[in-house]
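Have a look at the structure below before the remarks.
The values are calculated or read from the model by the stated rules, or taken from the named source; none is laboratory data. On a predicted model such as this, the values are computed, not experimentally measured, just so you know. FYI the Cβ positions are ideal-geometry reconstructions off the backbone, even for glycines, and counts take in every protein chain you see. These accessible areas exclude ligands, DNA and RNA; they are computed on the full protein's heavy atoms, side chains included. Shrake-Rupley method; radii C 1.70, N 1.55, O 1.52, S 1.80 Å.
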Amino acid sequence: MEGAAEEPVEKRTDVAVKGEAALKSQYLTTKEQFHAFVDFEWQCQKGEKATDGDKAEDTMTTSIEEPEPKKLKLDPEEGKKGLKPDGKRIRGQNKSRPHTKPTTFDEKRLCLSVIQDKRDCPFGDKCQFQHDVAEYLATKPADIGESCYLYDTFGKCGYGLCCRFAKAHTTPDFKTMENAELVQANEGKMTVKNSLSKDLQIRLRKRSVTFNQSTEYLNTLSNQKDKREQQGNGDVHAPELSAGPTGGEQHVSTEAEAQAGLDKPPPVNTVGPLTDVDIIKLRLCEKKQVDFQDKLYLAPLTTCGNLPFRRVCKRFGADITCGEMAMCTNLLQGQQSEWALLKRHESEDVFGVQVEGCFPDTMTRCAELINGNIDVDFVDVNCGCPIDLVYKKGGGCGLMTRTKKFEQIIKGMNYVLDVPLTVKIRTGVQEKCNIAHKLIPEMKKWDVSMITLHGRSREQRYTKSADWDYINTCSKLASPVPLFGNGDVLSYEDAMKARETGVSGIMIARGALIKPWIFTEIKESRHWDISSSERLDVLRDFSNFGLEHWGSDTRGVEKTRTFMLEWLSFMCRYIPVGLLERVPQKINERPPFYLGRNYLESLMASQHVGDWVRISEMLLGPVPKNFNFLPKHKANAYK
């Protein structure tokens, strides 16, 4: 695809603007000229003469103007009554925002018994889904492509006639085909682990799951609290110690321990300061060991750090991956959507899950639940989440200021886990009040296996550069516990400077979203001037992985599109190396408007949601008319 329009485009000739990346002058342009060029070339690529209706629709989706503010649903006379004294809206008046439920993509869905070629539907006449195949196909959206990724990879497609690529594996009499050789080759293989079983979900909802180890630990906490209260009243009696057969002292339970059911003698005689708790629990040296030294760690990214995206990053060389942040209370309630965040692909050789919570009881039980039901290499505690919803409850960054609860959570989770426990923190809560250096020596005493430090405080968010000097100071304090640094790594040069600070490894977050091939660049010590077609192939891999993960029916396709649009809101910030005046690109420098070396490169540089949708249409077909994505992603256009 050629990048030059028929008429020469006037280039921007002004000097570099502060905060913008330095580009070669021949590629610079203005906002209006950029969008005019992209829209004109898109119409040329279609090769069709647009009708008035098409032009109106295209203008609506690609307009560079901001949409008009939403009007209040109040009568003019009652306008003053519906507002606060300061002129702001009262609560509950922002509910008219367009929202599309996933179920509306398939208004008339085909019954599962028809998809699986079963003779009888178990629901009979009460079934709400369609059983007439011809009627369903008459209303089904057109197929996206001629080949089905699931059929080509696994030999069969479980979505049958509902698949948006159904022609690739459907016979003229509407039967689903199978490739016997591929089916046999993939038989018994489990590509995705850690799914929530129906039995466990039912037991969690009925609260019939037992947490024996968590109960033991929580009982010791309550006993310690009772002792402190008795000491405050002057009524405490020290536990008696009697000599064992070997001459060592044997622990005799206190009255509080007897009431808690912990008065059973230890299975073996203790020696020296050891107690029965030390003998029963798994020692740190006996836990599964993970080599964290000098690794590239893909950060647990909320929303964008899904399983298909992690598979893309693994292909480019990420060493360690971690699932998205999961709320411990939702996991304990058996919520399917929360358990989906714990899924692990077979390509993720070193994989962990990140949990968030603010109380020792829920976090300890959640750790025991994870330990006994899913396959992970480590568990990470989120102590860096800055959002108000988490912070105000005392979780995320809030744990850094609640040291006693923080200690109880770490010790409780370590007590029940057979895998290493890691912690992710920030420099602190306030901008000019770092507290990480005070917490790290304490975390070493709590037997934390690895610490990740994001070089910003909660108040800073992304407004300032990460403080790598402070990370260097903390890495020395953490030794011999490995400490990973996180913040502002977008090139292999940034990674080299980070390694000079003495950190054990590097965690990459936004850098992987902007260019997931950053792992390859770091390992090969080079700047990769990746072409636009190669970047489109990366997105194609993501779409295939998404169809495998979320499904190839209409609902799965649009779910994949939703996450692709979210990712493109970051990926559009990437500036090709060949266009830069100064290499490398800095993460806090926003890209100016520029025209790439071909049309696709220019389209991928657009920060408008309408152009992201065009990219998604190249891979996932046209967008349904009832799929209203603009209100959500418009806000992400200028992240």
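For the reader, a short list of remarks on this structure follows.
- Glu558 being touching a Phe, Trp or Tyr at 6+ places or on another chain (Cβ under 6 Å), modelled with pLDDT of 95 or more and either outside any loop (DSSP other than H, G, I, E, B) or closer than 29 Å to Ile506 by Cα (or both): no
- Among the residues of region 314-328, those identified as part of a helix (DSSP H, G or I) and surrounded by 19 or more Cβ atoms within 10 Å (Cβ to Cβ) are Lys314, Cys328.
- Selected residue (criterion: nearest to Tyr159 (Cα to Cα)) from residues of region 526-538 that are outside any loop (DSSP other than H, G, I, E, B) and of a type in the set (D, E, K, R): Asp537
- Within region 150-175, the set of residues being of a type outside the set (Gly, Ala, Ser), surrounded by 15 or more Cβ atoms within 10 Å (Cβ to Cβ) and in contact with an Asp or Glu (Cβ under 7 Å, 6 or more places away or on another chain) comprises Leu150, Lys156, Tyr159, Cys162, Cys163, Arg164, Phe165.
- Condition met for Asp541 (assigned to a helix (DSSP H, G or I), of a type in the set (Asp, Glu) and crowded, with 20+ Cβ neighbours inside 10 Å): no
- Filter result for Gly158 (in contact (Cβ under 8 Å) with a residue 60 or more places away in the chain and out of contact with any Gly (no Cβ under 7 Å at 6 or more places or on another chain)): no
- Filter result for Lys523 (out of contact with any Pro (no Cβ under 9 Å at 6 or more places or on another chain), more than 18 Å from Gly305 (Cβ to Cβ), assigned to a helix (DSSP H, G or I) and of a type outside the set (A, V, I, L, M)): yes
- Top-ranked residue in region 176-203 [being out of contact with any Lys or Arg (no Cβ under 9 Å at 6 or more places or on another chain), closer than 28 Å to Ile374 by Cα and among the charged types (D, E, K, R); ranked as surrounded by the most Cβ atoms within 10 Å (Cβ to Cβ)]: Arg203
- Some residue of region 392-399 being touching a Cys at 6+ places or on another chain (Cβ under 9 Å), free of Cβ contacts under 8 Å to residues at least 40 places away in the same chain and surrounded by fewer than 21 Cβ atoms within 10 Å (Cβ to Cβ): yes
- Breaking point among (1) open to solvent by 10 Å² or more (accessible area, probe 1.4 Å); (2) part of a helix (DSSP H, G or I), for Ile440: (1)
Conditions (1) within 18 Å of the chain's Cα centre (by Cα); (2) of a type in the set (A, V, I, L, M, F, W, C), marked per residue:
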residue	(1), (2)
Trp339	yes, yes
Arg344	yes, no
Leu369	no, yes
Asn373	no, no
Gly396	yes, no
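- Cys163 vs. criteria under 22 Å from Thr560 (Cβ atoms) and out of contact with any Gly (no Cβ under 6 Å at 6 or more places or on another chain): yes
- Contacts under 9 angstrom Cβ, first residue in region 203-231 being farther than 18 Å from Glu407 by Cα, partner of a type outside the set (A, V, I, L, M) and outside any loop (DSSP other than H, G, I, E, B), 6 or more apart: Val209/Arg203; Val209/Arg365; Phe211/Thr364; Phe211/Arg365; Phe211/Glu368; Asn212/Glu368
- Restricting region 91-137 to residues that are under 18 Å from Gly551 (Cβ atoms) and exposed (fewer than 11 other Cβ atoms within 10 Å of the Cβ), the residue that is modelled with the highest pLDDT is Gln116.
- Region 401-429: number of residues that are in contact with a Lys or Arg (Cβ under 8 Å, 6 or more places away or on another chain), free of Cβ contacts under 8 Å to residues at least 60 places away in the same chain and either of a type in the set (S, T, N, Q) or surrounded by 22 or more Cβ atoms within 10 Å (Cβ to Cβ) (or both): 3
For (1) at pLDDT below 95; (2) open to solvent by 20 Å² or more (accessible area, probe 1.4 Å); (3) in a loop (DSSP other than H, G, I, E, B); (4) of a type in the set (A, V, I, L, M), each residue gets a yes or a no:
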| residue | (1), (2), (3), (4) |
| --- | --- |
| Val312 | no, no, no, yes |
| Trp339 | no, no, no, no |
| Asp349 | yes, yes, yes, no |
| Ile370 | no, no, no, yes |
